Amino acid sequence: MYADDATVYVRHPEENVAALIHKFIQFRGAGLSGVTSNWAKSVIFPITSVVSQFPVDYPLQWADASFRYLGIWMSRAMAWLKERIPRWNKLPLSMAGRIAIAKMRVLPKLLYLFINLSLPLTRTFFTRLRCLLICLVRADTQPRSSWEVLTLPFEQGGMCAPDMEL
């Protein structure tokens, strides 16, 4: 919660969204808080790329690609990164320049997601993210050293590439 805005994360939304809406209505109806829900501004946004089909009678909007929360456009980190990697790979940059892109453009967006997301991220998420970062840094060239070596500090012979799991 932030001021009068709230974000709710739900696992298995097909089963739990109806119960969540019922709880909101029940909480408001009990006269406990004076809280009201503005269903016209409420949004369902699937974090994964799997889009579930919800019944039409839910009083919520469906956000396919992104939505605005507290003045910030929220979107799926993987989709954003997958879209930009081919563009960045066309740039004539060294490996150090590509690592700098990962640190300056990718890492801040992902850190925002990691801090504000109250759900535990799966091993699969980090595996996919690592693959995307490898595609960015190597730019379809033959690998000269392993990703583990690239994530080491300079003092240990690495390139300080970001290790998102850490």
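Here are the numbers for this structure:
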quantity: Exposure proxy order (Cβ contacts within 10 Å, fewest to most) of 94, 66; calculated: 94, 66
quantity: Computed magnitude of the charge dipole of the range 76-156 (debye, nearest 20; Cβ of K, R +1, Cβ of D, E -1); calculated: 300 debye
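Each value in this text was obtained by applying a stated rule to the coordinates, not by laboratory testing. For clarity, every value in this text was computed on a predicted model and none was experimentally measured. Reconstructed Cβ throughout: ideal geometry from the backbone, glycine too, with neighbour counts over all protein chains shown.
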